[in-house]
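Asks: Take a look at this one; I'll ask things after.
The values are calculated or read from the model by the stated rules, or taken from the named source; none is laboratory data. Source: prediction; values computed, not measured. Please note: Cβ atoms are built from the backbone with ideal geometry, for glycine as well, and neighbour counts cover all protein chains shown. Protein only, heavy atoms only, side chains kept; ligands, DNA and RNA dropped before computing areas. Shrake-Rupley method; radii C 1.70, N 1.55, O 1.52, S 1.80 Å.
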Amino acid sequence: MASAASSSPAFLSEVPLIDLSSPDAKQLIVKACEELGFFKVVNHGVPMEFISTLESESTNFFSLPLSEKQKAAPPSPFGYGNKQIGRNGDVGWVEYILLNTHLESNSDGFLSIFGQDPQKLRSAVNNYISAVRNMACEILELMAEGLKIQQRNVFSKLVMDEESDSVFRVNHYPPCPQIQALKGMNMIGFGEHTDPQIISVLRSNNTSGLQISLADGNWISVPPDQNSFFINVGDSLQVMTNGRFKSVKHRVLTNSLKSRISMIYFGGPPLSEKIAPLPSLMKGEERSLYKEFTWFEYKRSAYNSRLADNRLVHFERIAAS
């Protein structure tokens, strides 16, 4: 059974909105990453056709009988999952598809389990991921420019690398009829967590549910906006900026009446990539807050933890007393 959370009426009045075609986009992105670790973008260049086609394919899949969907289960690591999140006891009011972004490694046989024409599904996912990856890399390059890093592709090259360990996830939060009985409480769709990768790119339908945690620990609801993409700073980017950018803690609450579908691209580095603060961002006597680790080491640690755990604490340097 998914857990419940206190209902919070507070909405984030102004999610930082960044027009990627604007000359001051890079400064605004840096400010948003330092203050919230979260922002939304417009003029993103992802064709609406790619978005609506994949959303439609996803809706068709989640509309299938459970017995059909379970042919693609369990996710090991890719496939269909229902309520169980990870392997350490976390649950939520959610069902999902997890796919490798290198779709050639997902065979037609695997894709046909999803109950549709595998070539059609492959094409829809490929088009969407390719466009969203390009947008993510543009944002990462604007971040580097805004941080005055000489090497503009210092972040984006990790996501563009053919060995990049990126994943694509579609979450479906069905209406939750039990909410009325909870009297002011909300059902947790997906529990609080940060994303371990470098960057996450989120697109959802026009249904509320997403919340982010502010620095003071308060949870704030993010108004839905189906015309924008939401961007999360991941743990790896927090480390590479030596804590200057904040990995945002977030969660999803369910809705009693409306389904919510969200599509998330998680841009990750190659498994062998060493993650550490960039020397070019260290000022004067500033010391590294984190030990160097490979993405494989961090990913293994993250997947062996609970959702809400502070995963970075195991990789922080202990300050000399």
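Asks: Can you give the FRET efficiency for MET282 and ASP225, using 1/(1 + (r/R0)^6), R0 = 30 Å, r = Cβ-Cβ distance, to the nearest 0.05?
Replies: 0.25
Asks: Name the residues whose placed amide hydrogens come within less than 5 Å of the amide hydrogen of ILE85, ignoring near sequence neighbours (fewer than 5 apart) on the same chain.
Replies: Long-range HN contacts for ILE85: ASP90, VAL91, GLY92.
Asks: Next question, about the same structure. So, R0 is 51 Å and r is the distance between the beta-carbons of GLN151 and ASN205; what FRET efficiency does that work out to, to 0.05?
Replies: Plugging the Cβ-Cβ distance into 1/(1 + (r/R0)^6) gives 0.85.
Asks: Using the 2.2 N^0.38 Å rule of thumb for compact globular proteins, work out how the chain stacks up: its C-alpha Rg over that value, please.
Replies: 0.97
Asks: If you roll a 1.4 Å probe over the heavy atoms of the protein chains, what accessible area per residue do you get for the chain, in Å²?
Replies: 46 Å²
Asks: Additional query: Rank-order 165-174, 64-73, 142-151 by packing density, defined as the average count of other C-beta atoms within 10 Å over each peptide's residues, highest first.
Replies: For the peptides 165-174, 64-73, 142-151, the packing ranking is 165-174, 142-151, 64-73.
Asks: Let me ask something additional. So what are the ³J(HN,Hα) numbers for the range 298-304, from phi and the Karplus equation (6.51, -1.76, 1.60; θ = phi - 60°), rounded to whole Hz, Gly and Pro as x?
Replies: 5, 4, 4, 5, 5, 6, 9
Asks: Here is a follow-up. What percent do you get for the relative contact order of the chain when only Cα pairs under 8 Å and 6+ apart count?
Replies: RCO, the chain: 22 percent.
Asks: Moving on. Per DSSP H run of at least 4 residues, take -39500 (n - 2.57); add these up for the chain, divide by its residues and hand me the 222 nm value, nearest 500 deg cm²/dmol.
Replies: After summing the helix terms and dividing by residue count, I get -8000 deg cm²/dmol.
Asks: Right, next: Can you return the lysines within cross-link range of LYS246? Criterion is Cα-Cα under 25 Å, with same-chain partners fewer than 8 residues away left out.
Replies: LYS26, LYS31, LYS40, LYS148, LYS157, LYS274, LYS283, LYS291, LYS299
Asks: From zero up to wherever the largest Cα-Cα distance of the range 229-321 sits, split into 5 Å bins and tell me the percent of pairs in each.
Replies: 2, 11, 19, 22, 18, 12, 7, 4, 3, 1, 0
Asks: Given a cut-off of under 8 Å on Cα pairs at least six residues apart, what relative contact order in percent is computed for the range 147-287?
Replies: 38 percent
Asks: Long-range amide H contacts for ASN205: which residues qualify at under 5 Å (H placed 1.01 Å from N, peptide plane, sequence gap of 5 or more or a different chain)?
Replies: For ASN205, whose amide H was placed from the backbone, the distant partners under 5 Å are ILE261.
Asks: A follow-up question, please. List the residues whose amide H sits under 5 Å from the amide H of SER256, counting only those 5 or more places along or on another chain, with H placed 1.01 Å from N in the peptide plane.
Replies: For SER256, the qualifying residues are CYS176.
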